[in-house]
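**Student:** So that we are looking at the same thing, I have put the structure below in structure tokens.
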Amino acid sequence: MKRSLFGRFWPNATAVFLVLVFIFPVYWMFSTAFKKTTDIVTDTPVWFPTNPTTQHFKTAINADNFWSFVGNSLTVTLLAVIFSLMIALAASFALARMRFKGRRGFIIGFMVAQMAPWEVMVIAIYFIVRDADMLNSLVPLTLFYMVMILPFTLLTLRGFVAAVPKELEEAAMVDGCTRRQAFIKVILPLLAPGLMSTSMFGFITAWNEFPMVLVLNKQVEYQTLPVWLAGFQSVFGNDWGATMAASTLFAIPVLLLFLYLQRRAVGGLSDGAVKG
């Protein structure tokens with residue numbers, strides 16, 4: 001019994017230690033955002049805000065073009081996620097249910113696209129967008145984000161569609177449904193966990209993307225929150241409280257989305273990864 005308890009202690013202690021290591025930077029960001037400036041710049045670390053203040057958040061929100069950055073980020077991120085889900089949903093059904101020439105090569109191509117770093121294409125995409133006279137616009141940025149998250153979305157949803165028994169679809173068609181009606185009324189509701197997990201991944205990926213928007217959109221009114229956050233020090237100097245408050249505001253939408261979708265998303269990623 002003692003040996004069993006001792007054997008479980010070290011794995012659990014290691015897990016707790018790793019959790020603390022990964023959580024501490026997030027905690028430090030949140031706590032610093034509520035500290036007074038004197039507590040932030042002191043030589044002795046202040047672990048807990050003694051007199052919490054929201055002044056740093058007011059400074060961040062009142063920064064130039066803040067709401068413009070927020071609107072741009074939400075626009076390109078949500079549109080990219082919606083378009084990628086629409087395309088991936090139709091393509092995943094074809095890949096999971098139909099057999100056609102070139103199907104295997106098509107899947108391998110998407111896997112390779114998922115593995116390739118998008119940063120190596122920045123220069124080529126810049127020239128394409130420049131020649132199309134679409135610099136300083138949200139349209140090419142939305143299209144790029146859609147293409148960037150499409151491979152993962154397609155491959156994950158393909159696993160979900162393959163996990164749905166064909167007999168359910170066939171039974172609906174026997175009852176008088178067309179293939180389209182069977183897909184909408186039978187298969188689509190069963191894909192809800194997969195849609196949530198892939199949409200969460202796509203949202204986080206597009207929301208955090210930085211290099212492409214910096215290259216394509218030089219005008220401030222077309223930039224997104226990552227660029228605004230990166231230039232925060234140049235705007236506020238050494239105001240670490242405002243910087244941490246801005247980082248907190250930037251992380252809140254992703255955190256809320258994750259908390260809302262986490263139960264379905266965890267099951268969705270695991271189910272979609274082992275089927276098909």
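**Student:** Return yes when Arg179 is of a type in the set (D, E, K, R), surrounded by fewer than 19 Cβ atoms within 10 Å (Cβ to Cβ) and modelled with pLDDT under 85 and no when it is not.
**Tutor:** Criteria met by Arg179.
**Student:** For the structure I just gave you, tell me whether Gly268 is in a helix (DSSP H, G or I), at pLDDT below 80, open to solvent by less than 30 Å² (accessible area, probe 1.4 Å) and over 22 Å from Phe57 (Cα atoms).
**Tutor:** Answer is yes for this residue.
**Student:** Follow-up question, since we're still on this one. Restricting attention to the range 73-113, which residues are open to solvent by 70 Å² or more (accessible area, probe 1.4 Å), in a helix (DSSP H, G or I) and farther than 25 Å from Pro253 by Cα?
**Tutor:** Arg104, Phe106, Ile108, Met111, Val112
**Student:** Looking at the range 14-22, can you tell me whether even one residue there is of a type in the set (Phe, Trp, Tyr) and in contact (Cβ under 8 Å) with a residue 12 or more places away in the chain?
**Tutor:** Within the range 14-22, not a single residue is of a type in the set (Phe, Trp, Tyr) and in contact (Cβ under 8 Å) with a residue 12 or more places away in the chain.
**Student:** So which residues in the range 1-18 are modelled with pLDDT of 85 or more and open to solvent by 80 Å² or more (accessible area, probe 1.4 Å)?
**Tutor:** Residues satisfying the conditions are Val16, Phe17, Leu18.
**Student:** On to the next question. Working only within the range 147-168, note down all residues that are in contact (Cβ under 8 Å) with a residue 60 or more places away in the chain and of a type outside the set (A, V, I, L, M).
**Tutor:** Thr153, Thr156, Arg158, Gly159, Phe160, Lys166
**Student:** Then there's this: Can you pull out the residues in the range 186-221 that are under 17 Å from Pro117 (Cα atoms) and of a type in the set (D, E, K, R)?
**Tutor:** Within the range 186-221, Glu209 is the sole residue that qualifies.
**Student:** Restricted to the range 114-124, and to residues that are open to solvent by 30 Å² or more (accessible area, probe 1.4 Å) and in contact (Cβ under 8 Å) with a residue 40 or more places away in the chain, which residue is farthest from Pro165 (Cα to Cα)?
**Tutor:** If we take residues in the range 114-124 being open to solvent by 30 Å² or more (accessible area, probe 1.4 Å) and in contact (Cβ under 8 Å) with a residue 40 or more places away in the chain, then Glu119 is farthest from Pro165 (Cα to Cα).
**Student:** So how many residues does the range 125-154 have that are more than 17 Å from Leu214 (Cα to Cα) and open to solvent by 50 Å² or more (accessible area, probe 1.4 Å)?
**Tutor:** 3
**Student:** Still on this model: Which of the residues belonging to the range 114-152 are part of a helix (DSSP H, G or I) and among the small types (Gly, Ala, Ser)?
**Tutor:** Passing the criteria: only Ala124.
**Student:** Next question. Scanning for something open to solvent by 50 Å² or more (accessible area, probe 1.4 Å), aromatic (Phe, Trp, Tyr) and touching a His at 6+ places or on another chain (Cβ under 9 Å), does the range 39-54 turn up at least one residue?
**Tutor:** There is no residue in the range 39-54 that is open to solvent by 50 Å² or more (accessible area, probe 1.4 Å), aromatic (Phe, Trp, Tyr) and touching a His at 6+ places or on another chain (Cβ under 9 Å).
The values are calculated or read from the model by the stated rules, or taken from the named source; none is laboratory data. Please read all numbers here as calculations on a predicted model, not as lab measurements. Note that we place each Cβ from the backbone using ideal geometry, even for glycine, and neighbour counts take in every protein chain shown. Ligands, DNA and RNA are stripped out before the accessible areas are found, and what is left, the full protein with its side chains, is counted by its heavy atoms. Shrake-Rupley method; radii C 1.70, N 1.55, O 1.52, S 1.80 Å.
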